[in-house]
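Below you'll find the structure, written out as structure tokens, and then a few comments.
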Amino acid sequence: MQGTENSMNEIDKKQVETRMLNLLRARTLIYRRAKNVQAVGLIISLVFPIVGLIVSALLLPAKPFIAFAALMFSFLEVLLLDRWHRAQLKSAAKLQEDFDCTVLQMDWNTFLVGNRIDPEDVFADACKKLSEKDEQRLINWYPLAVKELPLYLARLVCQRTNLWYDSALRKRYRRVILTGCVVLIAGAGFISLAIDHTMTTFVLSTLAPMTPVMIWALRECNRQVATIEVLDRLNDEVKKLLGRARSGASEQEISMRSRELQDAIFNHRSSSPLIFDWVYNFLRSRMEEQMNAGADQLVNELRMAGNVR
């Protein structure tokens, strides 16, 4: 481990250094590209049912072609976009790992993560400015309250805030997906049956064109559930470590387990499904308040337990 574990940390200073902000900016832009491509695919999937409804009313012979186009789009999306999407997630996860290892003063695990992303590649994205609001969000990535703790404990609190925030966001996002999917299916089905009462028309002009978006929604919900389970399990492990820290576990033990935890966090980041920015922006303010309140409470508990010397 880098640094002196038993001294007060400098997380609040390190996380606002220029290189750290560049890493976060590049990470944000990579995620944004991946989300935009994902959004385009979703919009195209949503267009098919609408086109199907119009065709069912105006151009009956085209129904089978609409159904065929919708099914082909599903196959092409999996064939062409999934690999590119995974590569974007891996790059963004590496940038976040670089930030965490530097700010939280942990050794870089080359065996798991590979080499750091070259500074030239980081600069290619970092040189592009975000909006003023987004730039402000890069500052003070971790709660400032952790500066009152020794490094080995502050690191653990920061890792827990990562896990809690991500899990809470994904639980809300999953509910949004499920609600939207139910509303879409019910609305499209009602309109379709109002135009033509036959089951054949419903299947060809509505159900088949809706297949891509339903597959996406179900797949996304399943991925979010699996990711939430991992995050909650890791969060439970952090709670156990915090309990051991309060009971007087050594700095060496906590630091070693914290490094193992970081490996699990990287694996999660490099494979977890994305969340659209509009959901993230909508929930961010309230969740950040909860996150900071939780960090404040943890810091106070650790101080009361005598872990701050």
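For region 72-101, list residues with backbone N below 13 Å from a point placed 7 Å from the Cα of ARG19 toward its Cβ? Correct set: 98-101.
Rounded to whole numbers, the Karplus 3J(HN,Hα) couplings from phi for region 79-88 are 5, 9, 9, 4, 5, 4, 4, 5, 5, 5 Hz, using 6.51 cos²θ - 1.76 cosθ + 1.60 with θ = phi - 60°, and x at Gly and Pro.
Full extension of the chain between GLN290 and ASP118 yields a length gain of 58.4 nm, computed as 0.36 nm times the residue separation minus the alpha carbon distance.
For the residues THR18, THR161, a 1.4 Å probe over the protein chains yields an accessible-area ranking, largest first, of THR18, THR161. Dividing the convex hull volume of the alpha carbon atoms of region 211-257 by its residue count gives 55 Å³ per residue.
Diffusion of region 240-309 by Stokes-Einstein, at 25 °C in a medium of 0.890 mPa s and with Rh set to the Kirkwood radius over alpha-carbon pairs, works out to 167 µm²/s.
The values are calculated or read from the model by the stated rules, or taken from the named source; none is laboratory data. On a predicted model such as this, the values are computed, not experimentally measured, just so you know. Note: ideal-geometry Cβ built from the backbone for every residue, glycine included; neighbour counts use all protein chains shown. Quick note on the areas: whole protein, heavy atoms, side chains included, nothing else; ligands and nucleic acids left out. Shrake-Rupley method; radii C 1.70, N 1.55, O 1.52, S 1.80 Å.
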